[in-house]
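The values are calculated or read from the model by the stated rules, or taken from the named source; none is laboratory data. Quick caveat, the model's predicted, so the values are computed rather than measured. Reconstructed Cβ throughout: ideal geometry from the backbone, glycine too, with neighbour counts over all protein chains shown. Heavy atoms of the whole protein, side chains included, go into the accessibility calculation; ligands, DNA and RNA do not. Shrake-Rupley method; radii C 1.70, N 1.55, O 1.52, S 1.80 Å.
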Amino acid sequence: HIVLDIERCDLDIKSNSSSHHTELYGEERLIVRRGQPFNIILHLKTGSKEFTPGETSFTLIVETGPLPRKESDTKVSFGLRDSTVDTEWSASATNGPSGNTLTVSISSSPNAPIGIYSLTLDQEGQETSLGQFILLFNAWCPRDAVFMRSETKRQEYVLAQHGQIYRGTYKRIKGTPWNFGQFDQDILDICLKILDDNPKFVSDADKDCSARKNPIYVTRVLSAMINSNDDSGVLVGEWGEFSGGVHPGLWIGSGDILRQWAKSGPVCYGQCWVFAAVACTVSRAFGIPCRVVTNFGSAHDTNANLKIEKFYDEDGESLSNSDSIWNFHVWVDSWMTRPDLEPEFDGWQASDPTPQEKSEGVFCCGPAPLRAIKQGELTKKYDAPFIFAEVNADVVDMVRLSNGKFVTFGGSTKSVGRFISTKAVGSDKRHDITHQYKYPEGTAESHVCTDTSDFMDPSIKLAENMIVGSDFEVYAVLTNNYIEAKTCTFLFFAKAVGYNGKQGDSCGYASDKVECKHCTAQYLSCKSDNLTRTIVMLKIA
């Protein structure tokens with residue numbers, strides 16, 4: 001066999017970056033996407049024998065992780081073929097025009113673990129290091145689990161560095177610009193550090209690196225690592241006191257957050273849209289198509305009964321209960337196949353890095369298929385019941401009477417999961433994706449889990465000339481749905497509330513006994529001082 005005398009290896013970064021859609025990372029090193037060939041050029045020393053097909057033979061070795069092993073797919077050796085194949089690691093070679101160069105085409109497996117790889121050439125035991133490269137998921141490769149057919153969607157969900165994140169209330173939706181910056185210098189290295197700092201890597205690096213072939217696994221790790229609750233993850237969540245850190249509303253991009261974390265650990269502070277935006281940055285940096293999603297009227301169901309139960313005493317005071325409804329909540333959808341489930345659950349998968357409830361003992365959530373959430377397939381992993389409740393829970397209002405009995409006096413099957421929004425492909429317009437998460441309210445397929453038997457039916461009417469920061473009038477309209485007249489104790493009060501549903505001080509109260517005949521209405525008004533954000537509740541005991 002002819003042994004080649006190699007002078008140097010040219011990784012042909014510019015050309016490979018262009019064909020692999022990685023030129024935005026810069027030209028300092030080779031970054032390629034899996035399942036797609038890339039070329040390297042071997043420069044031979046003067047006088048070296050020329051490559052001759054059939055007579056010249058060598059083996060290429062690729063390795064990733066601290067403990068590369070063939071059994072874990074983190075070390076692969078492969079020889080030359082006539083041409084590369086798109087199902088596994090393979091290589092082919094052709095002589096350059098000058099005779100002293102050799103172009104080697106290398107195709108990675110579309111199921112290879114992502115990460116930093118070393119590349120070595122072995123000639124009968126004589127090994128030559130050819131350099132390093134980074135391997136990413138490939139939305140352009142039909143055999144890759146994250147393959148996305150539409151080029152315009154790949155441009156949006158993998159390559160776009162700027163986006164819109166929607167916040168506010170369903171009546172007043174506002175988009176906020178965000179700089180994801182996944183191609184900024186050093187961001188990809190920081191994203192890889194997130195994987196290396198995760199507890200699964202620390203406890204079993206071999207198993208963790210091998211599992212990085214699977215975007216389901218990587219997405220779940222990111223869901224846990226973007227928050228700092230169980231590890232030294234990226235962001236510390238805070239919804240009250242922001243001293244000693246940055247107010248979540250002041251962040252405008254992911255780069256500063258990720259660099260600060262890499263330098264000094266968990267960053268103060270984040271709330272849901274910040275967690276989601278950083279998760280989107282890291283996902284896109286790895287090549288996983290990702291979008292930021294906002295759910296208005298988002299339920300936080302703590303006891304997994306698919307209901308948001310609000311309990312009050314006869315004086316209208318809230319009893320202890322951790323269920324809540326957020327004005328809005330933000331998470332991410334990532335695009336991938338689900339070989340662990342049936343084929344119809346491929347596509348968008350919801351995951352949520354905001355720490356709300358534990359999943360398998362860790363503060364993380366998802367990925368759960370949107371189709372499972374829409375169809376109510378709550379046995380599909382991961383965390384489908386929790387995300388289903390966020391968009392579809394029924395609200396039940398109950399009062400505890402003096403005899404200890406709880407009575408349902410109100411509720412709603414329609415207030416949760418409204419105007420679910422993401423940025424439109426190719427523009428800054430809002431795209432409503434509610435239909436991807438749930439069936440229209442009132443249809444046969446929509447889910448109703450609350451028994452709302454007839455009761456005294458209250459409704460709230462606000463004055464039309466309301467001015468933020470000034471007093472205004474609120475009217476309660478009470479309708480008797482029973483045949484006979486009813487006398488009720490009528491409690492009417494308002495409280496300040498944060499966007500995450502946490503109630504503050506009372507800012508308005510009225511009480512009276514009201515006799516309500518069948519099909520008539522009684523009115524009671526209440527003024528509140530300096531009411532800027534309120535939740536107005538009407539209680540009947």
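Observations on the structure shown:
- Matching residues in region 171-180 - criterion: being surrounded by fewer than 21 Cβ atoms within 10 Å (Cβ to Cβ) and in contact (Cβ under 8 Å) with a residue 24 or more places away in the chain: Ile173, Gly175, Thr176, Pro177, Asn179
- Selection from region 2-41 of residues that are closer than 22 Å to Gly99 by Cα and either among the hydrophobic types (A, V, I, L, M, F, W, C) or in contact (Cβ under 8 Å) with a residue 60 or more places away in the chain (or both): Ile2, Val3, Leu4, Ile6, Cys9, Leu11, Ile13, Phe38, Asn39, Ile40, Ile41
- Selection from region 295-347 of residues that are in contact with a Cys (Cβ under 8 Å, 6 or more places away or on another chain) and open to solvent by less than 10 Å² (accessible area, probe 1.4 Å): His329, Val330, Trp331, Val332, Asp333, Ser334
- Residues within region 363-410 that are touching a helix residue (DSSP H, G or I) at 6+ places or on another chain (Cβ under 7 Å) and small (Gly, Ala, Ser), tallied: 5
- All positions within region 73-98 that are under 16 Å from Ser118 (Cα atoms) and among the hydroxyl-bearing types (Ser, Thr, Tyr): Thr74, Ser77, Ser90
- Qualifying residue in region 458-477 (condition: part of a loop (DSSP other than H, G, I, E, B), at pLDDT 65 or above, of a type in the set (Phe, Trp, Tyr) and surrounded by 12 or more Cβ atoms within 10 Å (Cβ to Cβ)): no
- Which numbered condition Ser232 fails, given (1) touching a strand residue (DSSP E or B) at 6+ places or on another chain (Cβ under 7 Å); (2) in contact (Cβ under 8 Å) with a residue 12 or more places away in the chain; (3) open to solvent by 40 Å² or more (accessible area, probe 1.4 Å): (1)
- Search result, residues across region 168-185 that are in a loop (DSSP other than H, G, I, E, B) and out of contact with any helix residue (DSSP H, G or I) (no Cβ under 7 Å at 6 or more places or on another chain): Tyr170, Lys171, Gln185
- Residue in region 348-361 that is open to solvent by 20 Å² or more (accessible area, probe 1.4 Å), basic (Lys, Arg) and either within 25 Å of Ile226 (Cβ to Cβ) or touching a Pro at 6+ places or on another chain (Cβ under 6 Å) (or both) present: yes
- The requirement of being crowded, with 22+ Cβ neighbours inside 10 Å, at pLDDT 95 or above and among the β-branched types (Val, Ile, Thr) is not satisfied by Ile252.
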